[in-house]
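Notes follow once the structure below has been shown.
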Amino acid sequence: MRYLPHTPEDIRAMLQVVGAADLDALFASIPDDCRRKEALKLPEPLTEWELNGHMDNLAARMGASPGTKVFMGAGSYHHHIPEITRQLLLRGEYFTAYTPYQPEISQGTLQTIYEYQSLVCRLLGMDVANASMYDGASGLAEALLMTIRVSRRKTVAVSRAVHPLYRRVVETYFAPTGFEVVELPVGRDGRTDLSGLKDLGELAGVALQSPNFFGCIEDMAAAGKAVHADPKTLFVAAFSEPLAFGMLKAPGQCGADIACGEGQSLGIPQSFGGPGLGMFAARQKYVRSMPGRLIGKTVDRDGKTGFVLTLATREQHIRREKATSNICSNQGLCATASTMYMAALGGTGIRQLARLNRDRAEYLKASLAKAGFSSPFSAPTFNEFVVRFPDKFEETWKALMEKRIVAGLHLAPYYPELSDCWLMCVTETIDRDDMDALVKEVTR
C-alpha cells in the first residue's frame, strides 16, 4: 500500500470541516506540559525511489529466511505457505473483511469464520471454538480468567515451561485483579513437575504447554488426571506450535477443558513478530463463559441456511461490567488464512508435515549429540530442543550471524539456570545440507 500525503489544500479543507483553525487546535485538549516542544529530528525528504532503496537496504540487514538460515522458533515458526493461500488472501472480499455485525450482508465472512471454528475444533479435539483471539499469549490469559469465572476460585497455577512471554502477559492481566498466579516447577526431564500440585490448595485452573517452551512433549493425559483430582479445577492446554497435533494427541483427547495457543504456523508468515492468531476452544458446557465471539449456523424462516453471530459475551455495550472479556474483535484475516491453510493441507497433509518437522529436528539433535553437545533434558521433543554449548558460545553465535546463520535462542535471559543452553528449532524449511553446515560450524 502506497503512502499518499495530504496536500496543504487537503489539510485546510479538513480543518474547515471540523471547525479547527490549525493542526495545533486539534490537540488543544492535551495539557501543555505533555506536549513535545522541540521539532522532530527527521531526515530530509526522499523521493519515492530513494525511499524504496533506503527500505531495501534496511531489509537487507535483517536475518530473515530464506536468505538467512534460522534455527530459532520459540513461539514463531517459519513454514512454507501454499500459494493458494497467498492468492486467495489477495482478494478484496477477504482482505477488507472485518467484524460481521450485520449478518444479512456478511454471510461470506460469517461462513468463513464458522469453517475456521469447525477446523479448530477438529484439530484440538474440543467441542466449541471462538472466532479467535489476538494471539497465543492473550488466549492463555483469557483462558485462566475463564477458569476463575467457572470455578469461583482465585488462584491459578501455570507451568514454568510455558512460554516466558505468555507468562508475562498473564502476570500483566492478573496484576490489578487480586487473583493469584503460582508457578509449577520444571522437572529434570524438561517436563512440568506436578508432584506438589495437591499442596497448592484450591485452584481455579492449571495451565501446561505441550510441546512446551523447551520443545518437550508433556504427558498431557497424566496431567489431566492429576488436575482433575479436584473436580472443580479446570485443565488448560496451551501451545505455540499447533502443527504438533498432526502427530500428538489433541488436547481434548487428554482431558483438557480449555485449549488455547498461537496459530501463526497455520499459513501466517512470521512478519518479524506479528500479527498472530489466538486459537481458543473449550468444552461445550463452558461455552457461555468463553471470551470472544462465536459464529453459529442456522436456517431462516424460508428454511435457507444462514450464519449468525451466536454469542458475543464480551460485548461491553451489552453486558458492560459483566462482560467476560475486553477483547473487542477477532483476528479476522489471520483466521481466514489459517482456514485456507488447514483446508489446503487436510488431515493427511498436516500429519505428514508434522512428521517431517519432527524427523528433521531429530536429525539435527542426533547430529549435535554425536558432535558432543548434550541436552539437559531427556523428554521427547517436537520441532525444538535444548542444547548445552561450551563457554563463550555467544562469540560463536555472533560469528555465525555474520555468515547468515541464526544458531538458536539463548535461554539465559529467561532461565538463568540454563545460561549455557540454547533453544534450537527445525521446520520443513531447513534441509539436511543446512543442518550439516550448522554442525560443521559449531564444531570448528
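The values are calculated or read from the model by the stated rules, or taken from the named source; none is laboratory data. Since this is a predicted model, take the numbers as computed values, not measurements. In this analysis, Cβ positions are derived from the backbone assuming ideal geometry, glycine residues included, and neighbour counts consider all displayed protein chains. Heavy atoms of the whole protein, side chains included, go into the accessibility calculation; ligands, DNA and RNA do not. Shrake-Rupley method; radii C 1.70, N 1.55, O 1.52, S 1.80 Å.
See the values below:
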{"quantity": "Answer from Asn326, Asn330 - the residue that is open to solvent by 50 Å² or more (accessible area, probe 1.4 Å) and under 21 Å from the mean Cα position of the chain (by Cα)", "calculated": "Asn326"}
{"quantity": "Members of segment 385-397 that are open to solvent by 70 Å² or more (accessible area, probe 1.4 Å) and modelled with pLDDT of 95 or more", "calculated": "Arg388"}
{"quantity": "Where a residue in segment 276-289 is part of a helix (DSSP H, G or I) and its partner, wherever it lies, is of a type in the set (S, T, N, Q), with Cβ under 7 Å and at least six apart", "calculated": "Arg288/Thr313; Ser289/Thr324"}
{"quantity": "Meets criteria (closer than 30 Å to Asp359 by Cα, crowded, with 24+ Cβ neighbours inside 10 Å and in contact (Cβ under 8 Å) with a residue 12 or more places away in the chain) for Phe239", "calculated": "yes"}
{"quantity": "Exclusive hit being open to solvent by 30 Å² or more (accessible area, probe 1.4 Å) and over 22 Å from Phe382 (Cβ atoms), set Arg152, Arg160, Arg191", "calculated": "Arg152"}
{"quantity": "Tally, over segment 1-24, of residues that are modelled with pLDDT of 90 or more and either assigned to a helix (DSSP H, G or I) or open to solvent by 90 Å² or more (accessible area, probe 1.4 Å) (or both)", "calculated": "12"}
{"quantity": "Which numbered condition Ala143 misses (of (1) farther than 22 Å from Ile350 by Cβ; (2) open to solvent by 10 Å² or more (accessible area, probe 1.4 Å))", "calculated": "(2)"}
{"quantity": "Unique residue being at pLDDT 95 or above and under 27 Å from Arg91 (Cα atoms) when the list is Ala343, Ala259, Ala282", "calculated": "Ala343"}
{"quantity": "Residue selected from segment 398-407 under the condition part of a helix (DSSP H, G or I) and in contact with a helix residue (DSSP H, G or I) (Cβ under 9 Å, 6 or more places away or on another chain), by the criterion most open to solvent (accessible area, probe 1.4 Å)", "calculated": "Ala399"}
{"quantity": "Selection within segment 181-214 - outside any strand (DSSP E or B), over 14 Å from Arg153 (Cα atoms) and among the acidic types (Asp, Glu)", "calculated": "Asp189, Asp193, Asp199"}
